1. Just a yes or no: is a residue in the range 233-245 part of a loop (DSSP other than H, G, I, E, B), farther than 16 Å from Asn261 by Cα and basic (Lys, Arg)?
2. Return the total of residues in the range 256-295 being basic (Lys, Arg) and under 13 Å from Ser226 (Cα atoms).
3. Are any residues in the range 212-225 surrounded by fewer than 24 Cβ atoms within 10 Å (Cβ to Cβ) and assigned to a strand (DSSP E or B), and if so, which ones?
4. Step by step: first the residues of the range 196-211, then only those that are more than 13 Å from the chain's Cα centre (by Cα) and among the β-branched types (Val, Ile, Thr), then the one that is farthest from Thr38 (Cα to Cα). Which residue is that?
5. Here's a check for you: in the range 152-175, which residue that is surrounded by 15 or more Cβ atoms within 10 Å (Cβ to Cβ) and in a loop (DSSP other than H, G, I, E, B) is modelled with the lowest pLDDT?
6. Out of all the residues in the range 178-198, which are surrounded by 13 or more Cβ atoms within 10 Å (Cβ to Cβ) and not basic (Lys, Arg)?
Amino acid sequence: MKKSGVIRSLVATALIAAYGGMAAAQVAEVEENSQISTAQPLTVDANGAVTVSASFATGDVDFYSFQGTKDDKVTIDINGGMQNGLDLYVSFLGPNQSGPQQALDGNDDCNYPADVDPCLPVPGSVPVSLPSDGVYYVAVTHASALVVDNGAVLGYVSSVPAVGGSYTLTISGVSPAVAPQEPPSSEEPPAPQPKNVQIDIRPGERAEKAIVHLSRARVPVAILSSADFDAMQIDTTKLTFGRSGDEQSLEKCYPKGVDVNRDRRRDMVCLFSVKASNFEPNDVVGIVKGSTMTGTRFQGRGLLKVIELRKSGDRRHGHDVRDDRRRDRDDRDDHDRRKPR
C-alpha cells in the first residue's frame, strides 16, 4: 500500500505515467530465499516492473534476483512493512563473478516521517543506472540485522528482535526480457540450469571457517537436504569443489549422511583436499558442483576464509597445519557420533 507524503505521491504518479497506468506483475515470495545463492528469481512484465507479496519471519533475510540491462534506471519500493511492525532495510547489489556482490545502494526509510519504509532512490536522488548487463540482487533485512562483507549482505545476526510480518516489494525500470527465437527443430534444446542448493563449509563451526592456503588438510563440506532436494541421492563420483567449483578435489564422502542442521533430513558430508581446491589467499567463497543419481545438476556456494601459509621461520607455521588436521579429525569423530544407529 502506498503511504502519504507529497514527494512519494509525486514519484508514484510519475511511475504510473511512465508505465501507462498499468499495475506491475504480481508474484508471491517463494522460500527458501535467505541466501544470495538461493535468491528468488523475478521476471518483470512488459512494462519492466514486478511486485512481490512477501512474509517476513523472525530474523529473516529475503534475497531476490532479476536480469538487468546496462543503463536500466531501476527503482525499488517497499510498502506495508512498518505498519506491520517491521523496520526494514533494502540493499541493491550488482553482479560480481569473482566474489561478494558489489553494493550499489541501500536505504532504511524513504521519506521520514511521511514514509519510513525503505525505497531506492530516496526522494530527490536519481535512480541507479545499471553499469552492465547481468543478474542483480535485492536484499531485504531487518534494519539492525545486516552482516556485511565488502558491501554485500550475506546473512543475519542472532540478536535480531523477535518480529515477523509482511511487506510488498516493487521493482521497476527494468528492461523486459526479449523472447528468444525458437531454435530450428534440428537443434537440441539448451540444458537446464543447475539447481541452487545450500552448503555448509566446516559444518558446526561458527567462527570464520578459515582454511590454510595450500594446506595438505581436508576440508569437510555438508550439502544440505531441503524439502525439494534429497542430498542422499547425490552421485558422489561427480562431486567437485573449490575456487571455481570445477576442481577435482573430492577425497571421500560419508554415504549414510548426517543431520547437520538438525532439520530431520540427512545431509551429505564429504571431505575435499584443500590443496586440490585451488583456493587463493583471501578467497571468501567455495563452490560445490555435482549431479544426482537421476542426472539433475546442482551447485552451491558457501562462505569460508582462505589464509596464507605462514613462512617456515615462524614457529606458528606448524600450528596452523596441525590445527587443520585436528579439525578434520574432530569432524570425523563428530560424524561417527551422529551416524544413524
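The values are calculated or read from the model by the stated rules, or taken from the named source; none is laboratory data. Remember, it's a predicted structure, so these values are computed and weren't measured experimentally. Don't worry about glycine lacking a Cβ; one is built from the backbone with ideal geometry, like all the others, and counts go over all protein chains shown.
1. We begin by selecting, within the range 233-245, every residue part of a loop (DSSP other than H, G, I, E, B); these are 235, 239, 243-245.
Subset that is farther than 16 Å from Asn261 by Cα: 235, 239, 243-245.
Then keep just the ones that are basic (Lys, Arg); that gives 243.
Looking through the range 233-245, at least one residue is part of a loop (DSSP other than H, G, I, E, B), farther than 16 Å from Asn261 by Cα and basic (Lys, Arg).
2. As a first pass, look at the range 256-295 and keep what is basic (Lys, Arg): 256, 262, 264-266, 275, 289.
Right, trim to under 13 Å from Ser226 (Cα atoms) and you get 262, 264-266.
Within the range 256-295, residues that are basic (Lys, Arg) and under 13 Å from Ser226 (Cα atoms) number 4.
3. Val212 - this is the single residue of the range 212-225 that is surrounded by fewer than 24 Cβ atoms within 10 Å (Cβ to Cβ) and assigned to a strand (DSSP E or B).
4. Restricting to residues being more than 13 Å from the chain's Cα centre (by Cα) and among the β-branched types (Val, Ile, Thr), the top hit is Ile211.
5. Filtering the range 152-175 down to residues surrounded by 15 or more Cβ atoms within 10 Å (Cβ to Cβ) leaves 152-156, 160, 163, 165, 167-175.
Those still in the list that are in a loop (DSSP other than H, G, I, E, B) too: 156, 160, 163, 173-175.
Details: Tyr156: 44, Val160: 47, Val163: 66, Gly173: 93, Val174: 94, Ser175: 92.
Per the stated criteria, the residue is Tyr156.
6. Pro194, Asn196, Val197, Gln198, listed by residue number.
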